[in-house]
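Participant: Dumping the structure here so I can ask a few things about it.
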Amino acid sequence: MSPLDRKLFRTLWKMKGQAGAIAVVIALGVMMLVMMTGLVNTLDETRRTYYERYRLADVFAPAARAPNRLLSELAEIPGVSAVEGRVTGGALITMNGDGRPNRAQAISLPADGRPRVNDFYLTSGREPNGDRSDEILLLKGFADAHGLTPGDTLAATMNGARRTFTLVGTAQSPEFIYTAAPGELVPDDRRFAVIWMSEDALAAAFDMKGAFNEALLTLSRGGRLQDVLDGADRILDPYGGLGAYSVDDQMSNRFVSEEISGLRTSAAGVPPIFMGVAAFLLYIVIARMVQSEREQIGILKAFGYTSLEVGLHYFKLVLVIAVFGALLGSALGVVSGRAMAGLYQQYYKFPFLVFRVDPGSFVTGVLVSIAAASAGALFVLRSVFALTPAVAMRPPAPADYSATGSFGPLAARLLDQPSRMVLRRVMRQPGRMAGAIIGIACGMALS
């Protein structure tokens, strides 16, 4: 080990508190980068897989009451690969101990099997028997919030009539990842439910025999969304069409998409703030170190060490801090990302959610950390190259503040010596003082 490397480790041990603090700042920036990019990839990939596996519709076309024969016309729209009609309606569920009824959305299940579009994920129990009008599936979140299990009974009011149902299973659906009651923004599992039941029973409850009030359409590869929306509106308009809309405007998908977009923005905007702070701290620390070690730098150069070798010594110091912070941040990013993935699975009703780390985020985190640290140190290292042995071993010349002005007789009489020292410091270093004031102001504004 060379003498400069031994000095490097002695210096790191001597300034371990400062080095550790700067490394933690870098680690926080890398942690945010790894965690957020991982969550973006996780949510995006999980959502795509969930939608494909359970065939979420690309277009939702609600109507007041449309005959089933229109389904064949909807299927003939260019760009449509699958169509399914269903009956939906509102319901009120009164639970024992609740002071007010809970809102619910009732959805019909086809008599010939599982839905071809907007399928559900069975989490417990079994599917309802199509011949039994009193058997239902219930949204898992609502069932868990009220302690309901398969075999329990449930009373609900539909279209003014009160009926009693038997819960045979619980389910989740890609249509209800984010479950908020109509007109509300915040999800509450206790206050909103989804009921799946046989088509015949729900059609009888809402006077929809031989009709539907919502069509679900899936686009074929290359299908044009706007043409399908226009075609569905044209066909359903005489039957009280309420305006077809794409999955992008479906409430649950919209909330998930906005969350992913917000994470992607944060992943791009938050880590650079930490890196900038780390670069500024390294600049201060290395600048003071070089200033305090002027005589040592002069002696090293006098003994034959080149400016490049001495500069690399201080640059290695910066790299050690940056690399340690980046590695620590990468590990923390994986740990925090896995913890956040579990939280997202509770908040957004995904049946599966596995945190997937983006390998590129590790590389980006390390490279950005090194770049930020280098940017903070390079400005200081210029002074190392400029120092000659003779100049370095002499005390630095006092700064020239003759151009900053002086106090007049009146100010000298009104202000005591400490006050004049404070004002003289502000006048001589206005840029530094302005930066401190702006930093404090931004901190208070954030608070």
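The values are calculated or read from the model by the stated rules, or taken from the named source; none is laboratory data. It should be emphasised that the depicted structure is a prediction, and the values quoted were computed from it without experimental measurement. Here the Cβ positions follow ideal geometry from the backbone for every residue, glycine too, while neighbour counts run over all protein chains shown. Only protein heavy atoms, including side chains, enter the accessible area calculation; ligands, DNA and RNA are left aside. Shrake-Rupley method; radii C 1.70, N 1.55, O 1.52, S 1.80 Å.
Participant: Across region 195-209, what is the total count of residues that are without any contact (Cβ under 8 Å) to a residue 12 or more places away in the chain and buried (at least 19 other Cβ atoms within 10 Å of the Cβ)?
Facilitator: Number of matching residues: 0.
Participant: If you don't mind, another one. For Ala331, are the conditions met, namely being open to solvent by 30 Å² or more (accessible area, probe 1.4 Å), out of contact with any Ser or Thr (no Cβ under 7 Å at 6 or more places or on another chain) and modelled with pLDDT of 90 or more?
Facilitator: yes
Participant: Residues that are more than 20 Å from Gly113 (Cα to Cα), open to solvent by 40 Å² or more (accessible area, probe 1.4 Å) and either of a type in the set (D, E, K, R) or not in a strand (DSSP E or B) (or both): does region 175-183 have at least one?
Facilitator: There is at least one residue in region 175-183 that is more than 20 Å from Gly113 (Cα to Cα), open to solvent by 40 Å² or more (accessible area, probe 1.4 Å) and either of a type in the set (D, E, K, R) or not in a strand (DSSP E or B) (or both).
Participant: Let me spell it out: the conditions are (1) modelled with pLDDT under 85; (2) assigned to a loop (DSSP other than H, G, I, E, B), and Arg432 meets all of them except one. Which number is the exception?
Facilitator: (2)
Participant: Every residue in region 287-323 that is polar (S, T, N, Q) and within 30 Å of Val24 (Cβ to Cβ), please.
Facilitator: Gln291, Ser292, Gln296
Participant: Could I ask something else about it? Counting only residues that are in a strand (DSSP E or B) and either modelled with pLDDT under 90 or touching a His at 6+ places or on another chain (Cβ under 8 Å) (or both), how many does region 92-102 have?
Facilitator: Total satisfying the criteria: 2.
Participant: Test each condition in (1) of a type in the set (S, T, N, Q); (2) within 21 Å of Glu52 (Cβ to Cβ); (3) without any contact (Cβ under 8 Å) to a residue 12 or more places away in the chain for Gln226 and report the one that comes out false.
Facilitator: Every condition holds for Gln226 apart from (2).
Participant: Which one of these is at pLDDT 90 or above, farther than 29 Å from Leu343 by Cβ and either in a loop (DSSP other than H, G, I, E, B) or open to solvent by 70 Å² or more (accessible area, probe 1.4 Å) (or both): Gly223, Gly243?
Facilitator: One residue alone meets the criteria, Gly243.
Participant: A further question follows. Identify the single condition in (1) touching a residue at least 12 places away in the same chain (Cβ under 8 Å); (2) of a type in the set (A, V, I, L, M); (3) over 21 Å from Ile26 (Cβ atoms) that Leu343 does not satisfy, given that it satisfies every other one.
Facilitator: (1)
Participant: Continuing with this model, one more query. Among the residues of region 283-297, write down those that are surrounded by 16 or more Cβ atoms within 10 Å (Cβ to Cβ) and of a type in the set (Asp, Glu).
Facilitator: Once the filter is applied, which keeps residues that are surrounded by 16 or more Cβ atoms within 10 Å (Cβ to Cβ) and of a type in the set (Asp, Glu), region 283-297 yields only Glu293.
Participant: Still on this model: Taking region 52-66 on its own, how many of its residues are part of a helix (DSSP H, G or I) and within 13 Å of Gln172 (Cβ to Cβ)?
Facilitator: Counting residues in region 52-66 that are part of a helix (DSSP H, G or I) and within 13 Å of Gln172 (Cβ to Cβ) gives 1.
Participant: May I ask you to say which residue of Asp248, Asp237 is free of Cβ contacts under 8 Å to residues at least 12 places away in the same chain, open to solvent by 30 Å² or more (accessible area, probe 1.4 Å) and within 30 Å of Glu45 (Cβ to Cβ)?
Facilitator: Asp248
Participant: Can you tell me which of (1) of a type outside the set (A, V, I, L, M); (2) loosely packed, with under 15 Cβ neighbours inside 10 Å; (3) in contact with a helix residue (DSSP H, G or I) (Cβ under 6 Å, 6 or more places away or on another chain) is the one Thr123 doesn't meet?
Facilitator: (2)
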